[in-house]
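Q: Attaching a single structure in structure tokens format; questions to follow.
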Amino acid sequence: MAVYRVEKGEWTKVAVDLAELIEWPDGADMDAVLNGEEFYRWDGVSNVYDVYQRISPATDGPFAGVRYLFTLLGEGDLAEDILVGEWLPDYLHVLERLEVLQRRDAALRASMDHL
């Protein structure tokens, strides 16, 4: 899939996956790997996305300037990741874009309930 960085409303693809940016031990889960990078699960919408947050942005490395990491949940190991800094408009922009996925997930679940 892909890892994107959002800065001043501009989306840039920075990697194919997080394992391209950081060391990812075999069998390690997302929480464990991101905790090692000082990101902790902070928020999310079940079955749609998770948000990880750092207390303060990294000053160097692949996560320099990143405070939030959004992981869009896909089937199996498929995921899209979005890196966002401290600029509130970028954070709100990403949330707005993800609202479409949240509404779609709710609609699909509602239609499945009728089956």
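Q: Using unit Cβ charges (K, R positive; D, E negative) and no other charged atoms, how large, in debye to the nearest 20, is the dipole of the chain about its Cα centre?
A: Working: 10 positive and 23 negative charges, 95 e Å.
Around 460 debye, computed over the chain.
Q: Then there's this: What spacing in nm lies between the two simple spin-label points modelled at Trp87 and Lys13, each 7 Å away from Cα in the Cβ direction?
A: A separation of 2.2 nm, rounded to one decimal place.
Q: Please report, as a whole percent, how much of the solvent-accessible surface of the range 2-113 comes from carbon and sulfur atoms (probe radius 1.4 Å).
A: Answer for the range 2-113 is 50 percent, counting heavy atoms of protein chains only.
Q: Roughly speaking, what is the stretch gain from Glu20 to Met1, that is 0.36 nm per residue apart minus the C-alpha to C-alpha distance, in nm to one decimal?
A: Values: separation 19, 0.36 × 19 = 6.84 nm, distance 1.14 nm.
Extending this stretch completely gives an extra 5.7 nm.
Q: Now a separate question. How big is D for the chain, in µm² s⁻¹ as a whole number, if Stokes-Einstein is applied with the Kirkwood radius of its Cα pairs at 10 °C and 1.306 mPa s?
A: Working: Rh = 14.8 Å.
Using the Kirkwood radius from Cα pairs, D works out to 107 µm²/s.
Q: Here is a follow-up. Based on the mean of other beta carbon atoms within 10 Å per residue, what is the order of 17-24, 64-71, most packed first? Let's see the in-between values first.
A: Numbers: 17-24: 14.5, 64-71: 19.5.
In descending order of packing, they fall as 64-71, 17-24.
Q: For the residue pair Arg103 and Glu80, what label-to-label distance in nm results when each label sits 7 Å from Cα along the Cα-to-beta-carbon direction?
A: Here the answer is 1.6 nm between the modelled labels.
Q: Residue by residue, what Karplus-based ³J(HN,Hα) values in Hz, rounded to whole numbers, does the range 45-58 have, using 6.51, -1.76 and 1.60 with θ = phi - 60° and x for Gly and Pro?
A: 10, 3, 6, 10, 7, 10, 10, 10, 9, 9, 4, 9, x, 5
The values are calculated or read from the model by the stated rules, or taken from the named source; none is laboratory data. Quick caveat: nothing in here was measured; it's all calculated off a predicted structure. Reconstructed Cβ throughout: ideal geometry from the backbone, glycine too, with neighbour counts over all protein chains shown. The protein model used for the area step is the full one, side chains on, heavy atoms only, and it has no ligands, DNA or RNA in it. Shrake-Rupley method; radii C 1.70, N 1.55, O 1.52, S 1.80 Å.
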